Amino acid sequence: MSGPGAGVVLLGPVPPWRSGIADQTVRLARAMTRLGAPPLVITFSRMYPRALYPGAADRGEGAFPGDVEVVPLLDGFDPLSFRRAAALAASRGARLAAAAFWTSVFAPHLALFLSAHRAEAPDAVRLLLCHNLADHEAGPLRRALARSALRRADVLAVQNAGDLATAQREVPEPRAVLVPHPAEPVPRVPRAEARRLLDLPEGAPVFLFSGLLRLYKGWDVLLEAFSVVRRELPSALLVLAGEPWGEAKALRERSAPDGVLLRLRFLPPDERGLLFDACNAVVCPYRHATGSGIAGDALAHGRPVIGSDVPGLSVVVRHGTSGLLVPPGDPRLLAAAMLRFVHEGLGPRLSAGAEAAGAQLSPEGHARTILALGGIGPGPAGC
């Protein structure tokens, strides 16, 4: 693998910015560093205008990671900051400039970065790490804005086969490549200890929903499904853990349903990890999804996923091996899968499948693929 002179630049949020995308960006940077190609990470000094961010806060406490080189140059209020980022990337001799793409809010900014970097470094590879090809529930205007950035990249790394087909159809110039979401190995706590720390009963079936409570993620479908599960399994528990957006904010105003434990706030990594360790299965009842960091985290903790058969899940979760997948938006079928998981004692077998799946989706493998797309290193087969 090439060393520091390889010239890799990553653009995107990193902690303390709050998102799964920030977590994935810093994990990718660390994996590249372990492979001998430490990148320069250009991140945000300011991100969303308050009117465009529906959550409580897009940034938490603390400093940027100290184990990777981070420059907080990007400013969501100032598209020209992305032109300055392009100049910095070119001055560092970047052979690969890889930027996170997830929302049309920053599509004009990224279009400016990609055009400016192409002018200054025409021989470099410009790659977009596409968490989404367009915003969730995006209309025609937002999709058109997204395409304005996507078409200026050399390579689009997408996370599922559906997005691959869409990119090949709608964005003809860049090369589209399927690169599934990685699973990050994490320190674990034994289930009994995690439950003691969280005050959860040791023998109960515990299901976990983790992440932002947004309508497309189907938290309402899950609550309806769990009411069926609870009638048949009175000892079952469901933990809804994450910051509520939109309609989910109403959950704060009413009593939790029987058996449902609400943790309606942004959770720090340690607490989030304990919940994964404590549960029997992670439930991802998405109406649609292009990728899922939550599913990756579940596999990293050796926890099976019970969720929707949508492209962003089926690319990493194998039905009957590392989880159970059902058609999206159907609480009856979701409840049946959750009950089957308990009644048939599927936990040990599916957990073993989750462990194996997580091992195949390593951060190093993900980083190696991204570097190879930029012509750095020997490619996915070895380092």
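The values are calculated or read from the model by the stated rules, or taken from the named source; none is laboratory data. Here the structure is a predicted model, which is why all the values come from computation and not from measurement. Here the Cβ is made from the backbone with ideal geometry for all residues, glycine too, and neighbour counts use every protein chain on show.
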Response to the item:
Going through region 230-258 in order, the residues found to be surrounded by 19 or more Cβ atoms within 10 Å (Cβ to Cβ) and in contact with a Ser or Thr (Cβ under 9 Å, 6 or more places away or on another chain) are V239, L240, A241, G242
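Take P15 and decide whether it is of a type outside the set (S, T, Y), modelled with pLDDT of 90 or more and in contact with a strand residue (DSSP E or B) (Cβ under 6 Å, 6 or more places away or on another chain).
Details: of a type outside the set (S, T, Y): yes; modelled with pLDDT of 90 or more: yes; in contact with a strand residue (DSSP E or B) (Cβ under 6 Å, 6 or more places away or on another chain): no.
Considered against the rule, which asks whether it is of a type outside the set (S, T, Y), modelled with pLDDT of 90 or more and in contact with a strand residue (DSSP E or B) (Cβ under 6 Å, 6 or more places away or on another chain), P15 comes out as no.
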Item to complete: Considering only residues that are part of a loop (DSSP other than H, G, I, E, B) and crowded, with 16+ Cβ neighbours inside 10 Å, look in region 56-87 and name the one that is modelled with the lowest pLDDT.
Response: D58
Worksheet item: Does R126 meet the test of being under 17 Å from P108 (Cα atoms), surrounded by fewer than 20 Cβ atoms within 10 Å (Cβ to Cβ) and of a type in the set (D, E, K, R)?
Response: no
Practice prompt. Among what's in region 244-268 and is touching a residue at least 24 places away in the same chain (Cβ under 8 Å) and assigned to a helix (DSSP H, G or I), pick the residue that is nearest to C130 (Cα to Cα).
Written response: G246
Fill in: Qualifying positions in region 228-251 - of a type outside the set (G, A, S), closer than 23 Å to A278 by Cβ and out of contact with any helix residue (DSSP H, G or I) (no Cβ under 7 Å at 6 or more places or on another chain)
R230, P234, L237, E243, L251
Discussion item. Return the pair list, or none, for Cβ contacts closer than 6 Å from residues in region 203-217 that are within 9 Å of L238 (Cβ to Cβ) to residues that are surrounded by 21 or more Cβ atoms within 10 Å (Cβ to Cβ) and among the polar types (S, T, N, Q), at least 6 apart or on different chains.
Written reply: V206/N280
Practice prompt. Just one of (1) of a type outside the set (K, R); (2) part of a loop (DSSP other than H, G, I, E, B); (3) not assigned by TED's automatic domain parsing to the domain that holds S19 trips up P172, so point out which.
Written response: (3)
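Quick grid of which residues meet (1) buried (at least 22 other Cβ atoms within 10 Å of the Cβ); (2) of a type in the set (D, E, K, R); (3) modelled with pLDDT of 95 or more:
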{"site": "I306", "(1), (2), (3)": "yes, no, yes"}
{"site": "L324", "(1), (2), (3)": "yes, no, yes"}
{"site": "P327", "(1), (2), (3)": "no, no, yes"}
{"site": "P331", "(1), (2), (3)": "no, no, yes"}
{"site": "R340", "(1), (2), (3)": "no, yes, yes"}
{"site": "P348", "(1), (2), (3)": "no, no, yes"}
{"site": "Q360", "(1), (2), (3)": "no, no, no"}
{"site": "I376", "(1), (2), (3)": "yes, no, no"}
{"site": "G382", "(1), (2), (3)": "no, no, no"}
Item to complete: Name the one entry in A336, A298, A289, A352 that is within 29 Å of P38 (Cα to Cα) and either modelled with pLDDT of 90 or more or in the same structural domain as D270 (by TED's automatic domain parsing) (or both).
Response: A298
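Pull up region 259-277, narrow it to residues that are charged (D, E, K, R) and surrounded by fewer than 16 Cβ atoms within 10 Å (Cβ to Cβ), then point me to the one that is modelled with the lowest pLDDT.
In this case the residue turns out to be D270.
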